[in-house]
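Encoded as structure tokens, the structure appears first; notes follow it.
The values are calculated or read from the model by the stated rules, or taken from the named source; none is laboratory data. Only a predicted model underlies this, so the values are computations on that prediction, with no experimental measurement involved. Note that each Cβ is placed from the backbone with ideal geometry, even for glycine, and that neighbours are counted across all protein chains shown. The protein model used for the area step is the full one, side chains on, heavy atoms only, and it has no ligands, DNA or RNA in it. Shrake-Rupley method; radii C 1.70, N 1.55, O 1.52, S 1.80 Å.
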Amino acid sequence: MTDHITVNGSSHDLPGDPRVSLLDFLRQDLGLTGTKKGCDHGQCGACTVIVNGMRINSCLTLAAMHDGDSVTTIEGLGTPDAPSDLQKAFVAHDGYQCGYCTPGQICAATAMLEEIASGWPSDASEELSGDMSATPEEIRERMSGNLCRCGAYANIVAAIRDVAGTQQP
Amino acid sequence: MPIAGGTNLLDLMKLQVEIPEQLLDINRLGMTGIDDTADGGLRIGALATNTATANHARVRNDYPILSRAILAGATQQLRNKATTGGNLCQRTRCYYFTNIDQPCNKRDPGSGCGAIDGIARLHAVLGTSDQCIATYPGDMAVAMSALDARVEIATPGDGSRSVPVRDFHCLPGDAPWRDNVLEAGEIITGVTLPPPIGGKQLYRKVRERSSYAFALVSVAAIIDLEEGLFTRADLAFGGLAHKPWHDPRLSELLVGQKPSAALFDQAADLLLDSAQGYGENDFKIPLARRTLAAVLSEATGFGI
């Protein structure tokens, strides 16, 4: 037991109240309001963050359960002065309108591209093993946990394909 | 109450359907291993995530139906947290169960069942009772039922017992508050799969969206043919009942027979001989018939 959690490289004490969700901890306690509360029930993906390399819905876990874990939020992926490749691609492809789902989309997509590179299959994959690729069908399936009420999906997929394409060996 | 992935429990706590006084985080108990068993099968630890299970080389190679079923469920974010034990114990998505202002004999015994004469699109057509028509919503367990897996349970006093997945979940009967056979003080430690049986393994999930939606009807099938006759037809169904539905009469009917549209129809007749619709879910009965036929057709190469 360590009683701390690492967020974007910095160590923080866990909240005293064990009932605080990781989402509320990030937003309220740490002031990292990039991660959004869309539904608070794991149905929209706006709260997606990366914990120990895995993308999860931060609304459906308690901060206290992540003692010793390492969390990356959208703030940790890039800054206005040094945006990540996906952040740049979302701007270039107009992959958002209101922007509310966007941090979750980018956190999810960041992890998703690594999952594809690691050969994780999806429901859209022809084969369960072998190389996986970021086709539009695969992207849509793998990103199905991130809803966009503005309907920017076509441009979100284009932004992700752009980055995936430049990552192909 | 133990908490593992928390993706069902915390959701239900926010809805005040589950109101535990204490949560015990069991994530540091180990039980994450996915290991070969002495007879060549596989033991999946209770805390192995859906992702770890679906991605495991032995599961992908030897039990592809299990990978396919897991990947058909939820989203990557949820699968990264959901555990094997938790997924087996997940609760129904019935709208009356999840809304505390609605009558529900499962959540609030004796209060009635709002679904029976209400909104019942997701609800059961097999094994129902006049107290509850809820469905078990998971996919993984349907594949495990087809595979005839066993649930390993630790009992109080350092004991253990093993229950077939097919017998793990209950039918509602007169005690709809019981989802499964776990007794107080018991906890799932893992699931064991028998040695691989090969065959054509399919999981077909019919749902209203192409992703991130519960099954209206799903079919898990492990099919083998020799010289044009069925030698194996292990089937389980999701979306139809309070548990993954397995009817041993189906493989008794099919094994030894030549695939044909008429035979597939006979199998559906058996599957659905006690089926009862509740209005909004009447469609599940012909849908189950057609999905079963489509799966048997795909598995055998016999067109319908």
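Some observations on this one:
- A single member of A:Asp94, A:Asp40 is open to solvent by 10 Å² or more (accessible area, probe 1.4 Å), more than 11 Å from every other protein chain (Cβ to nearest Cβ), part of a loop (DSSP other than H, G, I, E, B) and of a type in the set (D, E, K, R), and it is A:Asp94.
- Residue within the range A:113-128 that is more than 14 Å from every other protein chain (Cβ to nearest Cβ) and either open to solvent by less than 20 Å² (accessible area, probe 1.4 Å) or within 24 Å of B:Ala57 (Cβ to Cβ) (or both) present: no
- Across the range B:87-100, a minimum of one residue is classified as over 23 Å from B:Ala52 (Cβ atoms), in a helix (DSSP H, G or I), polar (S, T, N, Q) and out of contact with any Gly (no Cβ under 7 Å at 6 or more places or on another chain).
- The single condition from (1) in a helix (DSSP H, G or I); (2) within 14 Å of chain B (Cβ to nearest Cβ); (3) aliphatic (A, V, I, L, M); (4) in contact with a helix residue (DSSP H, G or I) (Cβ under 7 Å, 6 or more places away or on another chain) that A:Ile50 fails is (1).
- Test for A:Asp81: is it open to solvent by 10 Å² or more (accessible area, probe 1.4 Å) and within 11 Å of chain B (Cβ to nearest Cβ): no
- Test: residue in the range B:150-159 that is assigned to a helix (DSSP H, G or I) and either modelled with pLDDT under 95 or under 17 Å from B:Leu235 (Cβ atoms) (or both): no
- Qualifying residue in the range B:48-58 (condition: under 23 Å from A:Ser144 (Cβ atoms), among the hydroxyl-bearing types (Ser, Thr, Tyr), more than 9 Å from every other protein chain (Cβ to nearest Cβ) and under 19 Å from the mean Cα position of the chain (by Cα)): yes
- Total residues in the range B:243-269, condition farther than 14 Å from B:Val295 by Cα, hydrophobic (A, V, I, L, M, F, W, C) and touching a residue at least 40 places away in the same chain (Cβ under 8 Å): 1
- Boolean, B:Arg91 is farther than 26 Å from B:Ile188 by Cβ and touching a residue at least 60 places away in the same chain (Cβ under 8 Å): no
- Options B:Arg249, B:Arg232, B:Arg209; residue that is open to solvent by 30 Å² or more (accessible area, probe 1.4 Å), away from chain A (no Cβ under 14 Å) and either under 20 Å from B:Gln276 (Cβ atoms) or assigned to a loop (DSSP other than H, G, I, E, B) (or both): B:Arg249
- Look at (1) in contact with a helix residue (DSSP H, G or I) (Cβ under 9 Å, 6 or more places away or on another chain); (2) in a strand (DSSP E or B); (3) basic (Lys, Arg) and you find that B:Arg166 fails only one, number (2).
- Residues that are more than 14 Å from every other protein chain (Cβ to nearest Cβ), out of contact with any Asp or Glu (no Cβ under 8 Å at 6 or more places or on another chain) and in a strand (DSSP E or B) do occur in the range B:22-34.
- If the condition is being in contact with a strand residue (DSSP E or B) (Cβ under 9 Å, 6 or more places away or on another chain), farther than 30 Å from A:Ala109 by Cβ and among the basic types (Lys, Arg), then the range B:68-117 contributes only B:Lys106.
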